[in-house]
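Trainee: What follows is a single structure, and I will ask about it in a moment.
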Amino acid sequence: MDSFTRLVTAGPLFFVSAWLLMIFAGIVGSDLGIRPFGYLTSMVATIGLWLVVAPAIGAVTQPGRGKKPPPRG
């Protein structure tokens, strides 16, 4: 049930993340030399960021994966 609740909360977090990206791009756009962009472009960028970051987070948070078994002795 824990993975289901994580999936349900990821939906709204996606839209909030896209909205925050749009807001902050508008705030720091002139400092970074980029033009502010709209919500749809922000959603596409957020999808790209999530596709890159999600596997890394999954690899880091998996308990026991990649660990060597304790030595016998």
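Values quoted throughout were computed directly from the atomic coordinates according to the rules given, and no laboratory measurement underlies them. None of the values given here were measured: they were computed from a predicted structure. Positions of Cβ are backbone-derived with ideal geometry, glycine not excepted, and every protein chain shown enters the neighbour counts.
Trainee: I'd like to know which of Pro71, Ile34, Ala18 lies farthest towards the positive end of the charge dipole of the chain, counting +1 on Cβ of Lys and Arg and -1 on Cβ of Asp and Glu.
Mentor: Pro71
Trainee: Continuing with the same structure: If one takes the longest principal axis of the Cα atoms in the chain, at what angle in degrees, from 0 to 90 and to the nearest 10, does the Cα axis of helix 39-61 lie?
Mentor: Helix 39-61 sits at roughly 20 degrees to that axis.
Trainee: A follow-up question, please. How large is the direction-averaged shadow of the alpha-carbon convex hull of region 2-47, in nm²?
Mentor: If you wrap the Cα atoms of region 2-47 in a convex hull and average its projections, you get 3.3 nm².
Trainee: Sticking with this structure for a sec: Of the residues Ser42, Ser30, Ser17, which exhibits the maximal mean-square fluctuation in a Gaussian network model of the chain defined by a 10 Å Cα contact cut-off?
Mentor: Ser30
Trainee: If each DSSP helix of 4+ residues adds -39,500 (n - 2.57) and the sum is divided by the residues in the chain, what number results at 222 nm, nearest 500 deg cm²/dmol?
Mentor: -26500 deg cm²/dmol
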